[in-house]
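Please read the structure below before turning to the comments.
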Amino acid sequence: MKRGLILTGGSASADVELAVRAEAAGFDAVFSIEFFNRHGFVPLGAIAQATSRVRIGTAIANAFIRTPLLHASAALDLDDLSDGRMILGLGSGTRRMNQDWYNVPFTAPAPRMVELVRLLRAAIHEQKGMGFSWEGEHWRIKVPMYSHAAPKGPIPIWVAAVNRGMIGAAGRAADGLVGHPIATRRWHREVTLPGLRAAESAAGRPEGACALAPYVVTSIADDRETALRDAKGQIGFYYTTELYHSILEFHGWREVGDACRAAFRKGDFKAMTEAVPDALVDEIAIACTPDEVTDRLAQWKGLTELPILYAPTVGVPPERVRANLDAILEVSPAT
């Protein structure tokens, strides 16, 4: 089993250093994140130059806050700088993120994502120098004398998805689906993968055209309770967003989401963390002592060939984040 790593070093420069360490540790891919205070593409330029083997990617960049050709040109530049190691991962984000953070409209996210992926694939591989045009339902583009150098790599396009609509969008158009950190193994087994296969078939694509690359919350500590607490804090924070409660409802755990939201509104982080049961952590995360990690990672076999390990940061002191990242870099592939 291959391994990916979400870069949560805390700054762009720290993420570059972390990527170099991940490559030396044998990781197969490293991924930047994007938030209102973090840019998805910029750190990857430095990482491309500081590394030579590890694949680099956005997991994820916000799909709708940039025009399509900005995504395409960023991916092409990073493909060039990395000598063909770039993966373009995109996600719709939530309505609040788009409208309140970036002041952009949020409509028809799944249909727009399908069209965007197809548009980007066309733009990335168009090199004839005769202009590029696109007349779709959501985008209309016309660029005379459009040209660029041929990509050095295939530049896979991945789409982040939680619920069935976006899972279908990924299956219809994308090369990979980035699984959300709070998706359980059962959700991926019974919802994500069947949804991908059905969408691939409906679109006339071969089975497996869209691979699953899930975030896996990973918290490693000599003290198991510390590992569990950190994972619960991250999971509980995500479950303050009602959009993700479909997964809890699937498991019959809706009350967990309600409790997380109520605690968050009161500013009670401790109660939010304690609302997450151990059984839910076991379905989502690797939260354990160092000697247990390989067996926990092996639970993801059959679901993915590239679990993307993700260190909790919500409510976690910086020194503990660093210690956990150190432990994650020592994780061996499950056999």
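The values are calculated or read from the model by the stated rules, or taken from the named source; none is laboratory data. Just so you know, these numbers come straight off a predicted model, no measurement behind them. In this analysis, Cβ positions are derived from the backbone assuming ideal geometry, glycine residues included, and neighbour counts consider all displayed protein chains.
If the condition is being under 16 Å from I87 (Cα atoms) and of a type in the set (A, V, I, L, M, F, W, C), then the stretch 8-44 contributes A19, F27, A29, V30, F31, I33, F41, V42, L44.
Within the stretch 299-335, the set of residues being assigned to a helix (DSSP H, G or I), touching a residue at least 40 places away in the same chain (Cβ under 8 Å) and surrounded by fewer than 15 Cβ atoms within 10 Å (Cβ to Cβ) comprises just one member, P318.
Report whether or not R189 is part of a helix (DSSP H, G or I), touching a strand residue (DSSP E or B) at 6+ places or on another chain (Cβ under 9 Å) and either modelled with pLDDT of 95 or more or of a type in the set (A, V, I, L, M, F, W, C) (or both). Before the answer, list the steps.
Details: part of a helix (DSSP H, G or I): yes; touching a strand residue (DSSP E or B) at 6+ places or on another chain (Cβ under 9 Å): no; either modelled with pLDDT of 95 or more or of a type in the set (A, V, I, L, M, F, W, C) (or both): yes.
Here the answer is no, as R189 does not meet what is asked.
Tell me which of these F132 doesn't satisfy, since it passes every other one: (1) surrounded by 18 or more Cβ atoms within 10 Å (Cβ to Cβ); (2) within 30 Å of F250 (Cβ to Cβ); (3) not aliphatic (A, V, I, L, M). Unmet condition: (2). Entry remark, the stretch 215-241: residues being of a type outside the set (D, E, K, R), surrounded by fewer than 23 Cβ atoms within 10 Å (Cβ to Cβ) and in a loop (DSSP other than H, G, I, E, B) number 3 in total. For the stretch 193-212, the criterion of being assigned to a strand (DSSP E or B), buried (at least 21 other Cβ atoms within 10 Å of the Cβ) and of a type outside the set (K, R) is satisfied by at least one residue. Taking the criterion of being surrounded by 18 or more Cβ atoms within 10 Å (Cβ to Cβ), in contact with a Gly (Cβ under 6 Å, 6 or more places away or on another chain) and closer than 15 Å to G315 by Cβ, the residues of the stretch 247-274 that qualify are C260, M272, T273.
Pick from the stretch 137-166 the residues that are charged (D, E, K, R) and either surrounded by fewer than 15 Cβ atoms within 10 Å (Cβ to Cβ) or touching a strand residue (DSSP E or B) at 6+ places or on another chain (Cβ under 7 Å) (or both): which of them is nearest to G208 (Cα to Cα)? Spell out how you get there, then give the answer.
Keep residues of the stretch 137-166 that are charged (D, E, K, R), which gives 137, 140, 142, 152, 164.
Okay, now just the ones that are also either surrounded by fewer than 15 Cβ atoms within 10 Å (Cβ to Cβ) or touching a strand residue (DSSP E or B) at 6+ places or on another chain (Cβ under 7 Å) (or both), so 137, 140, 142.
Numbers: E137: 27, R140: 30, K142: 33 Å.
Filtering the stretch 137-166 for residues that are charged (D, E, K, R) and either surrounded by fewer than 15 Cβ atoms within 10 Å (Cβ to Cβ) or touching a strand residue (DSSP E or B) at 6+ places or on another chain (Cβ under 7 Å) (or both), the one nearest to G208 (Cα to Cα) comes out as E137.
In the stretch 265-275, how many are more than 24 Å from the chain's Cα centre (by Cα) and not in a loop (DSSP other than H, G, I, E, B)? So the answer is 5. Looking at the structure I just gave you, is E207 in contact with a Gly (Cβ under 8 Å, 6 or more places away or on another chain) and either free of Cβ contacts under 8 Å to residues at least 24 places away in the same chain or among the β-branched types (V, I, T) (or both)? Criteria not met by E207. Checking the stated criteria, D326 turns out to be farther than 24 Å from L212 by Cα and of a type in the set (D, E). Hey, among the residues in the stretch 63-90 that are part of a loop (DSSP other than H, G, I, E, B) and over 16 Å from the mean Cα position of the chain (by Cα), which one's farthest from A149 (Cα to Cα)? If we take residues in the stretch 63-90 being part of a loop (DSSP other than H, G, I, E, B) and over 16 Å from the mean Cα position of the chain (by Cα), then I65 is farthest from A149 (Cα to Cα). The test for being touching a Gly at 6+ places or on another chain (Cβ under 9 Å) and more than 27 Å from A202 (Cβ to Cβ) holds for M145.
Only a single criterion out of (1) part of a helix (DSSP H, G or I); (2) surrounded by 20 or more Cβ atoms within 10 Å (Cβ to Cβ) is not satisfied by Q49, namely (2). Among residues of the stretch 1-28 that are touching a residue at least 12 places away in the same chain (Cβ under 8 Å) and under 26 Å from Q299 (Cα atoms), those with a beta-carbon under 7 Å from a residue that is acidic (D, E) and loosely packed, with under 15 Cβ neighbours inside 10 Å at least six positions away or on a different chain give the pairs M1/E305; K2/E305.
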